[in-house]
DNA sequence: ACACACATACTGCAAAGGGCAGTATCTGAG
DNA sequence: CTCAGATACTGCCCTTTGCAGTATGTGTGT
């Protein structure tokens, strides 16, 4: 009943609340599940995934229940009716803009501080990583789903994730071909950068 | 000469060092430039962009020079020889994996906690944002470049950025079409989720 | 029967990063 | 002469990360 000092909620709060809306989990399970599914578009350190459920309980959006496996204690979290209400209300709020961290692209952008071999190595690593992820996504799609009644939503999100990885993969291959035509990282020789920019500018 | 307590360097340190490798900037210019260019793949709050150059100076990778415009002071940063060396060495280290925050996708993933109108609104916002960004990138590509001698590197990075935004744009359009065939967020009716998953699994 | 790897189930701490408010000066257009 | 907008930052508090540390299950092989 009392709402006292309901601390602010972050996207991380709602992401975990979303998982709790599907079923109850122990903190450990919740953390693992978040890393399997949410990690693709809402990556969070395991540390946070242990802290956040406590805030949800504090705010009355979830309940915590202490259990144990022999001598080892564990906490099972479940969503409350208020939690479901808040989750539904949150869906109405406009989301934060997409933001991506891509350190390797910083290295590409400043490639002229180094040599062609370094640039090529960076591009190869980008390509390898994207390839791994395409495979990981294919695996996930092939495996029987954890929540059969939610496959339509999984299909939607997996599709974007795959498209993104494939885009990176294709770009990296193209970039390696372009870079192979350069004389050095500071001199692209005959290579026509303007043509690429013109294509981007439509 | 002394290396005393050279604090750790982060990717943000190297990103700014990269900009300093191009020319000297005041902190304000550096912050703005970082937001114009780096923001696409290494977004950082303005606040950090003011702190970081101080660490670079501390580590001997840059120098700070106090100037003034009338009564208003300003600090001009320049890279040192040690800075260029460190930057080149950093290019060799494998980069952190790509990581993206996409809050709107969390809302799509948990769309079954709300109704179809909420899901459609989320998809429309995703589409609008991606459209804005495609236009912003086209603008950047059309505008005369700040560093003419580096257009080849800009072309490479802009290309990926555009591909990424277009991927999101195309996906959002597709997703809206799919969702229009659903009966509710919990019941996709005749819609064939398995077909989508099979396509992903190859 | 015992070892040992691996999964479960967390906590503490320091440092990086984000968001917002606040302060002040300079520049150009009307 | 005014006023918006650009320049040039700092302080504060909270979130998030990363890593190390501390246990207790469970299953597999020998």
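Laboratory data are not the source of any read-out in this text; all were calculated from the coordinates shown. The structure presented is a predicted model; accordingly, all values stated were derived computationally and were not measured. Heads up, the Cβs are rebuilt from the backbone with ideal geometry, glycines too, and the neighbour counts pull from every protein chain shown.
Taking 0.36 nm per residue of sequence separation and removing the Cα-Cα distance, the residue B:67/residue B:8 pair yields an extension gain of 18.4 nm. Output the relative contact order of segment A:11-90, whole-number percent, from Cα pairs under 8 angstrom with separation of 6+ residues. With pairs under 8 Å counted, the relative contact order is 37 percent. Spread over its residues, the convex hull of the C-alpha atoms of segment A:103-200 is 106 Å³ per residue.
With contacts taken as Cα pairs under 8 Å and at least 6 residues apart, chain A reaches a relative contact order of 16 percent.
For segment A:11-90, the calculated P(r) over all alpha carbon pairs, in 10 Å bins from 0 to the bin holding the longest distance, is 19, 55, 24, 3, 0 percent.
Within the listed set A:15, A:59, A:89, the residue fluctuating most in the Gaussian network model of chain A (springs between alpha-carbon atoms under 10 angstrom) is A:89. Going by neighbour counts of Cβ atoms within 10 Å, the residues A:101, A:58 line up, fewest first, as A:58, A:101.
Normalised by residue count, chain A yields a Cα convex hull volume of 188 Å³ per residue. The reciprocal of the average 1/r between distinct C-alpha atoms defines the Kirkwood hydrodynamic radius, which for the protein assembly as shown equals 23.5 Å. Springs between Cα atoms under 10 Å define the GNM used for chain A, and in it the highest mean-square fluctuation of A:32, A:71, A:107 occurs at A:71.
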